[in-house]
Amino acid sequence: MYSWQSSGKDKLLAYARGNHNLDRLLSMKLYFLLFATVLGAMGQTAQTGTANSNPSSAGGSAAFLGTVVDAAGKPLEGVHVTLTVFGERRLFFGRNPVAIYSSLTNEKGRFSIPEVPPRSYEVALEKRGYLMAPSEASNRGPVSGDHVQLKAGERFTDVVLHMARRAIITGRLLGEYGEPLAGARVSAKPAGSIEGGWETAMTDDHGEFRLSLLPGKYLVAADASSHMPADAHPSGNKGNYQFTYFPGVATDKEASLVEALPGGVTGDIDFKAIWVATYTVKVEVTGIPESSGSLFIHYTGKEGSGSHSQTVDAKDGRASMLIGPWPAGTYRLTASYRFGETELQSRPTDVTVATSDVQGILLPLAPGWNWMARLKSKAAKRRWNRSNAQYC
């Protein structure tokens, strides 16, 4: 009895000591995390404080003053003008502003940011019902796009920034059978713009979208490729929606332009996304050596060019690969197999995809070239050319 009580008491004491040590360990970890958080906050505050400190201490300040006008050149009152410095981009959190300098325009459209540290800033204009106009439509002086580089001692006092009345385009994106497509991306691009410039909105549960734009004429297009899995189409066919231009055409040359009016709403831009059935191609490659290597199937065709690859260990010299899915069309296929420093290739084979999956495409491999030896040969040739350049 005594032995049992003593043993139980010892166990309880040991358990209590263990829990006490565990509590101390957890408390130390908690204090450490709290200390690290405070240090991080102090570091962020210090960074922000440095950016907002007296500019004269950095070897001279810069000045950014000017006027904000509308499309007709009329001064705009109540525009919030900001110069922002962003910190480094952080994973999952984007970029945080570490310094913001701002001014509100008066009845004459004038703004004044007289003293800022010399550095690069992002310029933003905010006024309800208006958007900042593109750089080519403004006499902005030092402003390029939405950025400005200010140097020590520079004083820009007559910068002119432009804004335009916001224009709205609304509509619905529909599927092949008239059903609304939710979660699709609808974009608008200014007519005549070669690169970039797409403004994007997502469709809601009713397939409706709303684009907020500068006034002008636009190409409107939709990407619903991720809307519906291949086996969920009402017809039962495998396939997907392709990139579609308003009013439901496949290329920008066939598209109709949509005009967005200043301060107005252009509605009823409804169109159907184009559904395209797709098919797979099963390829069998022969002549593979009895060694583990990488098998590639290269293709060119309607969907552009690319390759499929997989690692194979063909004991019988054969391996198969399922490639695609692709829409109907003709595709040129070539197989290549790499092991060590050697590559084997097949002859190009044209395959026509029509209304069903394609089976039994045979691609026999033939000796290709020793690509590592070729690289070494080219490197040796370059070294020889460099060493003998003085005699040329």
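The values are calculated or read from the model by the stated rules, or taken from the named source; none is laboratory data. Everything numeric here is computed off the predicted structure, so don't read it as measured data. Neighbour counts run over all protein chains shown; Cβ positions are idealised from the backbone, glycine included.
From E136, E176, E195, grab the single residue that is closer than 30 Å to D223 by Cβ, surrounded by 15 or more Cβ atoms within 10 Å (Cβ to Cβ) and at pLDDT below 90.
Answer to the selection: E176.
Filtering segment 295-311 to residues that are among the β-branched types (V, I, T) and either within 11 Å of I323 (Cβ to Cβ) or loosely packed, with under 14 Cβ neighbours inside 10 Å (or both) leaves I297, T311. Does G324 qualify as being under 29 Å from the mean Cα position of the chain (by Cα) and not assigned by TED's automatic domain parsing to the domain that holds G178? So G324 passes the test. For A277, indicate whether it is buried (at least 16 other Cβ atoms within 10 Å of the Cβ) and among the small types (G, A, S). Spelling it out, A277 is indeed buried (at least 16 other Cβ atoms within 10 Å of the Cβ) and among the small types (G, A, S). Taken over segment 344-363, the residue count meeting the criterion of being within 19 Å of M321 (Cα to Cα) and either loosely packed, with under 15 Cβ neighbours inside 10 Å or modelled with pLDDT under 80 (or both) is 9. Within segment 247-262, residues that are free of Cβ contacts under 8 Å to residues at least 60 places away in the same chain reach partners that are part of a loop (DSSP other than H, G, I, E, B) and hydroxyl-bearing (S, T, Y) with beta carbons closer than 6 Å, at six or more positions or on different chains, in the pairs P247/S256.
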